[in-house]
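Accompanying notes for the structure given below.
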Amino acid sequence: MADGGAEEEQVEKWVKYYSSFHEILLVGEGDFSFSLCLAKSFGSASNIVASSLDSYDDLINKYRNAKSNLELLKNLGASLLHGLDATKMKFHNDLLMRKFDRIIFNFPHAGFHGKEDGIHLIGMHRKLVFGFLGNARGMLRADGEIHVNHKTTAPFCHWNLHELGIRNSLMLIECVDFRIEEYPGYSNKRGASPRCDDSFPLGECSTFKFIVSPAVKNGKAGNLDLARGTSQALQLIPNPVHLLQKQPISFNLLHPQMISGGTLEHTGLPLRSHLRNECFRIFGKYLHHAEETFGRTDYDVSHSVREALRLGYKSYMTGDSGRCLSGYISMLQELQHQSILRSTWLRNRLAEVCDLQL
Ligand SMILES: C[S@@+](CC[C@H](N)C(=O)[O-])C[C@H]1O[C@@H](n2cnc3c(N)ncnc32)[C@H](O)[C@@H]1O
């Protein structure tokens, strides 16, 4: 109580995207240093549920700082769960009635079961993230977000998180560079093998942010072939011309005049400039062609779309080295995503205008 008898107001504290006022669930923790980083910065962990797949005993054996990190977290008021499988967590007794503002999985990894670029292991990783997203989806508060920190170079980009989100009716709203120095004290862990306590080189990595969105229709999750992300992902990509015909307002989505300062003009939505330039390099000619032929009934649209996709792929592959089909598919999905965001934004503005006129 303060002097006047009024209850002392709590001051909100932020660490990057995480607030001391958020209810936060962390899964797949290694030595719990990420959870502790948040807790220390907030000055309390009463809003944090931190969990690991490992049992308590395994954690103590695997990570030299686990014991002290867990003790500190407990003293700060965190709820700690061990043996929590992120792909089944929604059924866990302690989580049944809980909803969260942020659910975080840092660098999910299914273990070292073969070559990292092998189809089998990629399938295992995808199955893990798919299961996690499917569980986390139902555990969010309104406006809640699921965050996955993940490497973005090959072979990790082949996990195709964006598609795994779509399959769970989750929209990828942002994919922002992850910088470990913004989380003081966090030490990323390999998590398995005799070197489980070692950190792995992060290289290029991002925070993938997902929200539940009715705009993203649930894919046929039951038929998902997790080992074959790329070919299945291709089926998800709508015919771009049909998309345009349904939403003619998206016509100039990639046209430079519509885009300024790294955002889609009028929407404030971020679009990375290198992606913007790449998209325009690859599809600019096609988009002009689509504009010119829009509405014509004497024109074989499906042929020109197939051609655009084929030529687009060839053109894409002439870019930086190390490119592959799944990168091309990710770019197409990013385009679709931007188109959906822009349509949603325009619909909302329209609704506001209509409200004003009533
Ligand atoms: C590369 S380590 C990252 C550890 C930690 N998140 C970090 O950033 O330091 C991958 C982690 O995923 C966890 N994991 C694997 N499968 C899991 C599952 N089904 N549920 C929860 N965690 C899982 C492992 O236990 C391991 O801690």
* Asked: Which lysines have a Cα lying under 25 Å from the Cα of residue 67, excluding residues fewer than 8 positions away in the same chain?
  -> 40, 189
* To do: Would you kindly find the accessible area of residue 174, with a 1.4 Å probe and non-protein molecules such as ligands, DNA and RNA excluded, rounding to the nearest 10 Å²?
  => 60
* **Accessible heavy-atom area order of 285, 67, 88, highest first, probe of 1.4 Å** => 285, 88, 67
* How do 153, 318 stack up against each other in accessible area, from largest to smallest, with a 1.4 angstrom probe? -> 318, 153
* To do: Compute, for residue 124, the solvent-accessible surface of its heavy atoms (probe 1.4 Å) with the complete set of protein chains present, and express it in square angstrom to the nearest 10.
  => 60
* Structure fact -> Any lysines whose Cα falls less than 26 Å from that of residue 314, other than same-chain ones fewer than 8 residues away, would be 151, 285
* In Å², nearest 10: area of residue 325 left accessible to a 1.4 Å probe -> 70
* How would 31, 57 line up by accessible area, probe 1.4 Å, largest first? -> 57, 31
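The values are calculated or read from the model by the stated rules, or taken from the named source; none is laboratory data. Owing to the predicted nature of the structure, the values given are computational and were not obtained by experimental measurement. Side chains included, ligands, DNA and RNA excluded: accessible areas come from the protein's heavy atoms. Shrake-Rupley method; radii C 1.70, N 1.55, O 1.52, S 1.80 Å.
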